[in-house]
1. Do you know which of the residues in the range 11-26 that are in contact with a Gly (Cβ under 9 Å, 6 or more places away or on another chain) and closer than 20 Å to ARG64 by Cα is surrounded by the fewest Cβ atoms within 10 Å (Cβ to Cβ)?
2. If ASP36 passes every condition in (1) among the acidic types (Asp, Glu); (2) more than 9 Å from the chain's Cα centre (by Cα); (3) not in a loop (DSSP other than H, G, I, E, B) but one, which one does it miss?
3. With PRO31, PRO35 as the choices, which residue is on the phi < 0 side of the Ramachandran plot and surrounded by 11 or more Cβ atoms within 10 Å (Cβ to Cβ)?
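Nothing in this text is a laboratory measurement; each read-out follows from the coordinates by a stated rule. Values in this document were obtained by computation on a predicted structure and should not be read as measured data. FYI the Cβ positions are ideal-geometry reconstructions off the backbone, even for glycines, and counts take in every protein chain you see.
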Amino acid sequence: MKNGNFQIYIANLDVYGVYQLTYEPHHHENPSWAPDGRHIVYSVTKNFRSYLEVMDVITGEKYRLTSPGHNALEPAWSR
């Protein structure tokens, strides 16, 4: 939690570094890694509405998977 909001971080154990991936003032929770090891899916809660977002952890590019009206909270990848 940072500044009252849940944020997503990753740890690089090779160099003992911790990197913040999300910064917006909303809750970012329940991350799940894609099988490719490059993307994560997670829920974003803003104004009591939740949606799913995917991020490319290399480029930082994000895109929304669901609209806020669906209140999606716990994403998971399947193979």
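1. Result: PRO25.
2. (3)
3. None of the others qualify; the one that does is PRO31.
Yes/no per residue for (1) outside any loop (DSSP other than H, G, I, E, B); (2) not acidic (Asp, Glu):
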{"residue": "GLU29", "(1), (2)": "yes, no"}
{"residue": "TYR42", "(1), (2)": "yes, yes"}
{"residue": "MET55", "(1), (2)": "yes, yes"}
{"residue": "TYR63", "(1), (2)": "yes, yes"}
{"residue": "SER78", "(1), (2)": "no, yes"}
